[in-house]
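Remarks on the structure that follows.
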Amino acid sequence: MKVEDQQLQAFLVDSGLVETRALKEAFSEAKKSGKRLADVLLHKGFMAEEEITKMEAYILGIPFVNLEKEKIAPETLKIIPEPIARSHNIVAFRKSGQNLEVAMLDPEDLATIDFVRKKANLKILPRLTNPESMKQILVQYSKTLEAEFGDIIKKEAGGIKAVKEQEQGPGAKELEKAAEDLPIIRIVDTLLKHAILQRASDIHIEPEEKEVVVRYRIDGVLRDAMVLPHSASSGIVARIKVLSSLKLDEHRLPQDGRFKVESEEYKYSVRVSILPVFDGEKVVMRLLSETAKAFTLEELGLRGGALEYVEHTLKRPVGMLLVTGPTGSGKTTTLYSAMEILNTPEVNISTVEDPVEYRMPRINQTQVNPKIGLTFASGLRSLLRQDPDIIMVGEIRDQETAGLAINAALTGHLVLSTLHTNSAAGAIPRFIEMGGEPFLIASVLNVIVAQRLVRKLAEEKEPYKLSRKELKTLGEWCDLDELVHRLREQKAIKAKDTLSSLTFFKPKPSKETEDGYRGRIGIYEVLPVSESIKALIIQKVAADQIQERAEAEGMITMVQDGFMKAAQGITSIQEVLRVISE
């Protein structure tokens, strides 16, 4: 069941949907390039995707269905498991007696149709649909599961047994029993599954006087997820301690641990931190996907000259690239993307990290463990004896690590690392403060990248024009004339456009996105360490003077980069201001 190019061409000639000249041009290009005629027609804009899909459905004799606004019954949707639905782009949308109608993107996938037929024991009626319909239906799996999770939590919370209190809190035996209590096991499993489903990066479990509040950090913002009875607190903490191999009867000191969560669809490493608070013990779990792939620098948000300079720096065999920003600003992800570019068979890449967030093939990754004396400094010292070409140090946080990193860059290695500073220019005084000699810093530093993460606007967003008041507010953060110049330079706006004539966007909350945002992207300032910047480093000047010099030499500031992304409709001005003013 495949639509041949000649078939499609013949039907298009009869239907008159595409001009004869355009059709001949597309057919000729498809023949030369080896691409499908449908793909060429779509790429050149001669036909819309839905028109092509409808035409192919007509030729194949398979009904076309548009499910973009359809609400599928949960019991019908679940006939095909979510992993199969996502991997094979097939969803069940209507059941009538022994007949099951399924929507597909590829009606040639007979193996999947046969699998669903055997599993469901129903007669399968294939229907062709478009990618947007498939996307909308797959979202409904999440909504169904979310409702189920709420029901599970309420049901299991009612069956929790109270833990007997002792003078210094519950004893180890009582806690061990509580951790093995079936309702507690189900609640913890459900919290983890629900958090993964919601794309959360962290789970906060916070005991209060009469209840336990669970919050998820999604796209960098904490949101209330659910409230549990206070009787569940000690059991949940005990269960997490058991999973993390921590001391059950230690309630007065902080503890750190980790464990793994695996299923057919996902594999996560969970980093656990437990802290004593007034009403019990607070738990924070950081979720790190072990199957996540590194993003490209473009996908992270680097653009234009800044991207070119970072890529040029990565081609140098020696020196240092520093990424700066506060906790949770995506520094490590940027370093992983850089290593993905550098990861070739000709080089030996070694890292020392805390924690190892993503597993990367062909890269030797070492996890810091201060309890046994494996610190950043001792790990880095050992790495230098492993014949590395490229070294990644998760964070430079003390004088010894700073000195070793500088020495490594001086002795023929490319060093990638991070610092906790608010701006690119601020990294230099911080480095000097940690004991780095200015003349050595000047000789090894190639580039400094400062970054923050802003939330991306969802597909549905609200257009608007800037008022005078809003323009005045923007003017307090950056030079508006310089911003317009940068936007024209990056071809983000036309030569005649001004800020007041530009269309910006605000978030538009919907069922799929409660606050109108989905996903995050970086805003950056990339400071190339030029000869004039090196001279300023040696003179130990303040960060402000280095910033001024870098801007004079053409550096796009983080604020400008954020406003440029807002002008392109990627994020909102409000989101940029929220992040840079934190």
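In angstrom, the C-alpha Rg and Dmax of the stretch 231-332 are 19.8, 58.
Each part gets one Cα centre, and for the stretch 103-118 versus the stretch 428-473 those centres are 48 Å apart. Per residue, the average separation of C-alpha pairs within less than 8 Å and at least 6 apart gives the chain a relative contact order of 9 percent.
Restricting the trypsin sites (Lys or Arg not before Pro) of the stretch 374-464 to loop positions (DSSP other than H, G, I, E, B) with no more than 12 neighbouring Cβ atoms within 10 Å leaves Arg385.
Kirkwood-type hydrodynamic radius, the chain: 27.8 Å, calculated from all non-identical alpha-carbon pairs. For Lys371, a cut-off of 20 angstrom between C-alpha atoms picks up these lysines, skipping any fewer than 8 places away in its own chain: Lys241, Lys247. The convex hull of the Cα atoms of the stretch 74-141, projected and averaged over all directions, covers 3.9 nm². Hydrophobic long helices, here whole DSSP H runs in the chain with Kyte-Doolittle means of at least 0.5 and Cα atoms spread over 27 Å or more along the helix axis, are not found.
Each Lys and Arg contributes +1 and each Asp and Glu -1, all at the Cβ; summed about the Cα centre of the chain, the dipole is approximately 720 debye. Taking square-rooted eigenvalues a ≥ b ≥ c of the alpha carbon gyration tensor, is the stretch 473-533 rounded, prolate or oblate, where a/c under 1.5 means rounded and, failing that, a/b exceeding b/c means prolate? Because a/c hits 1.5 or more and a/b fails to exceed b/c, the stretch 473-533 counts as oblate. Candidates Gln386, Ile573, Leu335 compared by Cα position along the dipole of the chain: farthest toward the positive end lies Ile573, with charges placed on Cβ.
Rolling a 1.4 Å probe over the protein heavy atoms gives the chain an accessible area of 51 Å² per residue.
Dividing the summed -39500 (n - 2.57) terms of all DSSP H runs of n ≥ 4 by the residue count of the chain sets its mean residue ellipticity at 222 nm at -12500 deg cm²/dmol.
The values are calculated or read from the model by the stated rules, or taken from the named source; none is laboratory data. Bear in mind that the values here come from a model prediction, so they are computed numbers and not experimental data. In this analysis, Cβ positions are derived from the backbone assuming ideal geometry, glycine residues included, and neighbour counts consider all displayed protein chains. Side chains are part of the model used for accessible areas, which takes the heavy atoms of the whole protein and leaves out ligands, DNA and RNA. Shrake-Rupley method; radii C 1.70, N 1.55, O 1.52, S 1.80 Å.
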